[in-house]
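The values are calculated or read from the model by the stated rules, or taken from the named source; none is laboratory data. In this text the structure is predicted, and so the values were computed from the model without any measurement. Cβ: placed from backbone, ideal geometry, glycine included. Neighbour counts: every protein chain shown. Heads up: the accessible areas ignore ligands, DNA and RNA and are worked out on the full protein's heavy atoms, side chains in. Shrake-Rupley method; radii C 1.70, N 1.55, O 1.52, S 1.80 Å.
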Amino acid sequence: MTDQAKTATLEFEGKSVDLPILSGSTGPDVIDIRKLYGGTGAFTFDPGFTSTASCESGLTYIDGDAGVLLHRGYPIDQLASKSNFVEVCHLLLHGELPTAAQYEKFENSITVHTMLHSQFDRFFEGFRRDAHPMAIMVGTVGALSAFYHDSLDIHDPVQRDISAIRLIAKMPTIAARAYKYHIGQPFASPRNDLSYAENFLRMCFAVPAEDYHVDPALVRAMDRIFILHADHEQNASTSTVRLAGSSGANPFACIAAGIACLWGPSHGGANEEALTMLKEIGTPDKIPEFIQGVKDRKFKLMGFGHRVYKNYDPRAKVMQQSAYEVLAATGRENDPLFQVAKELEKVALQDEYFTSRKLFPNVDFYSGITLSAMGFPTTMFTVLFALARTVGWIAQWQEMMADPSQKIGRPRQLYTGPTERDYLPIDQRG
Ligand code: SDX
């Protein structure tokens, strides 16, 4: 943060309080209100945190009006086209793109932690086969804290680092097992000779009955999808991870809390809902009727709109390109859902209802088509989002835990319930 010479003065019921204005390296200034309650006796009120900065961070910057997303200063479209997910993990965790030697050491640290304790497999047995894979993810990731007692001391930076590596390394193994358990197929173990994305695809789709070969175009697309979902500033699930971590909870429990929050259809669950929506529309000629239903507020256009982006989500542009490449690689160039999605986007972006509300496609609008073409059922879409977002969650948690000034998060409220009253015996009520 730069100098605090600038201040904002608040006059309230005869009281006056000077509030420092803090400036970051870019983006909006913030009004530091930490002294507000002490100086005025009043709280701020901001349900949904539409005007609230919850923390200082150097990880990810979003300019919602310009449709810009930077990870440690690097634009998402450059990372998606020139980097790979493991390198982006290093960037988010350590602040810089790795040298060749750093990359090799970092990648190896992930590779050697992809396995799960053999007793862990029995966790899956407790779920019904038709359990939603996100229910399995919430339960099993939280259970990791029952296996790795040597990395639960959150005040030890070495243990914080090993927890981060374990989570990034084991999420693909857990996610693939959630899928395999769901469809009743045997688990496939991770292989150290495969890249992160290829290892994951093989654990999902390989069967003992035959050798597994995957189109490199699908591996590239998977890796790119992981990059697009890696981190996204203080979104709902990241804020959940930070709030859980502020109490001193262990990192595995914090990530499980983030997974639970991501599951919601307004957040990470939107990719599953968006594909279901496209299937329900079915053909381009049904789009006008659907749009009218949105205007009549019967339902939302899933995969559209964003709290921060009031322009095209830069990830959606890359995702649309990935969708095209995966459809081509899988012989589905004329996929009817892709045609519906492109026509729906075109119609919405020309309709005043959407443009006046600055509603544009977000990362979830095209991801479902891509993931479906890769062979994933819709119930796995948010699992893949959680797999990729784990690095963002744990990097944000690391950043918070390394901040000596961090305190337990404890918001206040505007109380509108009954004021004090005396207890009445039951025979005096009514
Ligand atoms: C993600 O925060 C992040 O960064 C999240 C994320 C990440 O990477 O972590 O980017 C991932 O969650 C992307 C968003 C995925 N969700 C969806 O696609 C679900 C559909 N979108 C909406 O639910 C909504 O747009 C939100 C929740 C994403 C944002 O909602 P806001 O910021 O609270 O906006 P709002 O509800 O106040 O909407 C403003 C207006 C309202 O109309 P009016 O009441 O003013 O007339 O726009 C309307 C809303 O009804 N609106 C929509 C709409 N989204 C908002 N109308 C139709 N379809 C939509 N999708």
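Points to keep in mind about this one:
- Potential extension, I183-S356 segment - 0.36 nm per residue separation minus Cα distance: 57.9 nm
- In loop segments of the stretch 373-418 as defined by DSSP, the chymotrypsin sites (Phe, Trp or Tyr not before Pro) with at most 16 further C-beta atoms inside 10 Å of their C-beta are Y415.
- Cβ-Cβ distance of R332 and K300, R₀ of 25 Å, FRET efficiency by 1/(1 + (r/R0)^6): the value works out to about 0.40.
- Accessible carbon and sulfur surface of the stretch 20-72 relative to its total accessible area, %, 1.4 Å: 55
- Measuring against 30 Å, Cα to Cα, the residue pairs K35/K300; K295/K342; K170/K342; K6/K358; K82/K180; K170/K279 contain K35/K300; K170/K342; K6/K358; K82/K180; K170/K279 as the ones spanning a longer distance.
- Calculated FRET efficiency for the pair V68/H213, C-beta based, R₀ 56 Å, to 0.05: 0.90
- The stretch 144-194: chymotrypsin sites (Phe, Trp or Tyr not before Pro) in DSSP loop, at most 16 other beta carbons within 10 Å: F147, F187
- Spatially, the stretch 325-348 and the stretch 221-279 are offset by 26 Å when compared through their Cα centroids.
- Rounded accessible area per residue of the stretch 391-430, 1.4 Å, Å²: 85
- Accessible surface of the stretch 100-181 [probe 1.4 Å, protein heavy atoms]: carbon and sulfur percent: 54
- Between Q292 and H149, the FRET efficiency estimated from the beta carbon spacing at R0 = 56 angstrom works out to 0.45.
- Protein accessible area in the stretch 275-430, 1.4 Å probe - carbon and sulfur %: 51
- Taking E289, E420, E104 as the candidate residues, the one with maximal mean-square fluctuation in a Gaussian network model of the chain, Cα springs under 10 Å, is E420.
- For T7, the residues 5 or more places off, or on other chains, whose built amide H falls under 5 Å of its own are I21.
- Loop-located trypsin sites (Lys or Arg not before Pro) in the stretch 1-104 (DSSP state other than H, G, I, E, B) with a sparse environment of at most 15 neighbouring Cβ atoms within 10 Å: K6, R34, K35.
- Looking at the stretch 42-129, the accessible area is 58 square angstrom per residue; that uses a 1.4 Å probe and ignores ligands, DNA and RNA.
- Taken over the stretch 250-402, the alpha-carbon convex hull comes to 118 cubic angstrom per residue.
- Per residue, the convex hull volume that the Cα atoms of the chain enclose (Å³): 211
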